[in-house]
Ligand SMILES: Cc1cc2nc3c(=O)[nH]c(=O)nc-3n(C[C@H](O)[C@H](O)[C@H](O)COP(=O)(O)OP(=O)(O)OC[C@H]3O[C@@H](n4cnc5c(N)ncnc54)[C@H](O)[C@@H]3O)c2cc1C
């Protein structure tokens, strides 16, 4: 005969009752009232449990939450942004970096395999060409991205923009790149270690991050005075724009990158043919 059982409860309630702010005892009484309400009318007496445990992942400083959750105005692309490595030196795994299998064990596991392969690729890149090694992206659209920003349509400070040359529509979408320099970063110790390992990568190399935005958003940004942080806060607060690395941008803005590149090529061809016509 089974004389004891575990009851496990995952609260996902809304409507005024906040588990975060409620004491363990009140939470316990809350559930007991629900059980009694269900089983009491059926003549079943609900006994007090031998033990009750109420987890508090939301306030545990080692987790501050249990697993990722897509909030209003968030999307799967936020997972890609979280997965983006920094300068091919700092890598992120975990369920919250896996947009296809978030909040699961296998999502976390697969993200670990993904990052292990990224780390291996980065190490091999440095070993094969330690002097010239720079952060590299793969794929034709990454090359296109690099080319696009060689001739930006607009720039101020550390911000560069490229847009579709075939339209002046203020709502038309373009790309922004912002460059962060870390000149004050004290990397003496790291450099020493790197040289010992024959890696001569400069830790002070700038980091470039991207965003997808419209012409009018870029125009608005141009009017914001002050430091980079002020401009970025403006983008985030007014448009909810988030910065991402090149890999995430290539994933998210794949067709936009190709469209702008094709439009530029098309315009290039057109201007050549005009030139040829006028020469004739
Ligand atoms: C109640 C519950 C039930 C679940 N049931 C299932 C299920 O049935 N099936 C399923 O597939 N998934 C389930 N999940 C989800 C699954 O457990 C997670 O998706 C998975 O554990 C995430 O793994 P992770 O490595 O990304 O993160 P975690 O397992 O959360 O690992 C992160 C680690 O980082 C540590 N850490 C955090 N901050 C710091 C810091 N500042 N310094 C050092 N260390 C730090 C944490 O202590 C933790 O050990 C469940 C989760 C919960 C909470």
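Kindly provide the set of residues from the stretch 78-91 that are part of a loop (DSSP other than H, G, I, E, B) and crowded, with 16+ Cβ neighbours inside 10 Å, ordered by number.
84, 85, 87, 88, 91
So residue 53 clears everything in (1) in the same structural domain as residue 112 (by TED's automatic domain parsing); (2) within 16 Å of the ligand (Cβ to nearest atom) except one condition, right? Which one?
Unmet for residue 53, out of (1) in the same structural domain as residue 112 (by TED's automatic domain parsing); (2) within 16 Å of the ligand (Cβ to nearest atom): (1).
Can you tell me which residue in the stretch 38-73 is nearest to the chain's Cα centre (by Cα), limited to those that are outside any loop (DSSP other than H, G, I, E, B) and closer than 19 Å to residue 6 by Cα?
Filtering the stretch 38-73 for residues that are outside any loop (DSSP other than H, G, I, E, B) and closer than 19 Å to residue 6 by Cα, the one nearest to the chain's Cα centre (by Cα) comes out as 38.
Right, residue 82: touching a residue at least 12 places away in the same chain (Cβ under 8 Å), within 11 Å of the ligand (Cβ to nearest atom), over 26 Å from residue 211 (Cα atoms) and not assigned by TED's automatic domain parsing to the domain that holds residue 10 or not?
No; evaluated as a whole, the condition is false for this residue.
Just checking, which of 66, 75, 18 is within 14 Å of the ligand (Cβ to nearest atom), modelled with pLDDT under 90 and loosely packed, with under 14 Cβ neighbours inside 10 Å?
None of the other options fit; the residue is 66.
Working only within the stretch 140-167, note down all residues that are part of a loop (DSSP other than H, G, I, E, B), within 19 Å of residue 223 (Cα to Cα) and in contact (Cβ under 8 Å) with a residue 40 or more places away in the chain.
Scanning the stretch 140-167 gives 157, 158.
Give me a count of the residues in the stretch 92-117 that are in a helix (DSSP H, G or I) and within 16 Å of the ligand (Cβ to nearest atom).
15
The values are calculated or read from the model by the stated rules, or taken from the named source; none is laboratory data. Here the structure is a predicted model, which means the values were calculated and not measured. Positions of Cβ are generated from backbone atoms using ideal geometry, with glycine treated the same way; all protein chains shown enter the neighbour counts.
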